[in-house]
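The values are calculated or read from the model by the stated rules, or taken from the named source; none is laboratory data. This one's a predicted model, so the numbers in the text were calculated from it and none came from an experiment. Cβ placement follows ideal geometry from the backbone for every residue including glycine, while neighbour counts extend to all protein chains displayed.
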Amino acid sequence: MKRRQFISLVGLGAAAACTGTGKSEENKAQAKSEIKTGPISGHFFPALPYAYNALEPHIDAATMELHYDKHHRGYFKKFSAAIDGSVLETTSMPAIFSEVSKHGDAVRNNGGGYYNHMLFWENMNPDGGEPSAKLLSHLIKSFKSFDAFRDAFSKAAKTQFGSGWAWLILDSERKLKVVATPNQDNPLMDIAEVKGIPLLTIDVWEHAYYLNYQNKRGDYISAFWNVVNWHVVNKRFEKALKGEWIG
């Protein structure tokens, strides 16, 4: 698949990225309000798709609230300010990322922080199911076994120096790969060393785990596997195989 076609196919935008199902009652009103009142046409700050304590004991409520309401919201506000009055207000996030090197650090850092967190919240759930037969088959083909994939993903997350993210992606040749990115970069960005459609991600910035795990990043990564939302990852994989993007 040509690069231009690949960028076009994944550029369906962030508006569908984190609406999700299974929101707690306490989050439903927030979701309705925030989706309608987002300050930018085409970009909005989504409601968390579950209660702050939904992922305990693996991710504690205090960390979730701080991470979502302070860090994620802060990225969204700064991203909003960075693109205010420009054509980027109505440009999809993947399309922005495909030329992010042209848009400056404020868009790269804050746009990445805004978007990456939407994917992160959605690919966690207290009852996440299992990989589909098709996804499992592809994981085994790419990594020899599911355990080997899990080890590769965990290693990428553990060894990412400083702040950043680990990802499972489908690249333009329809191959599954595990990669890591620094800071708020992601595999959709034109500056990414390895590009592809994100299927699963974990945030390894210290604010994602430090209240509960202190400096034990490895313990946090191990706990993450208990809350992976395979229903969403399976859905992303099916869409990605067709060259389509879903959040």
Just wondering, is there one or more residues in segment 26-46 that are in contact with a Phe, Trp or Tyr (Cβ under 9 Å, 6 or more places away or on another chain), outside any loop (DSSP other than H, G, I, E, B) and modelled with pLDDT of 95 or more? no
With the requirement that a residue be under 29 Å from Pro94 (Cα atoms) and either of a type in the set (Ser, Thr, Tyr) or not assigned by TED's automatic domain parsing to the domain that holds Lys155 (or both), what does segment 210-237 give you? Tyr220
Test result for Ala106, at pLDDT below 95 and part of a helix (DSSP H, G or I): no
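Yes/no matrix, rows are residues, columns are (1) in a helix (DSSP H, G or I); (2) in the same structural domain as Val194 (by TED's automatic domain parsing); (3) surrounded by fewer than 15 Cβ atoms within 10 Å (Cβ to Cβ):
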{"residue": "Tyr52", "(1), (2), (3)": "no, no, no"}
{"residue": "Tyr68", "(1), (2), (3)": "yes, no, no"}
{"residue": "Ser80", "(1), (2), (3)": "yes, no, no"}
{"residue": "Asn110", "(1), (2), (3)": "yes, no, no"}
{"residue": "Asn116", "(1), (2), (3)": "yes, no, no"}
{"residue": "His138", "(1), (2), (3)": "yes, yes, no"}
What are the residues in segment 132-150 that are out of contact with any strand residue (DSSP E or B) (no Cβ under 9 Å at 6 or more places or on another chain) and not hydrophobic (A, V, I, L, M, F, W, C), if any? Ser132, Lys134, Ser137, Lys144, Ser145, Asp147, Arg150
Filter result for the condition that a residue is among the basic types (Lys, Arg) and in a loop (DSSP other than H, G, I, E, B), over Lys158, Lys239, Lys195, Lys235: Lys195
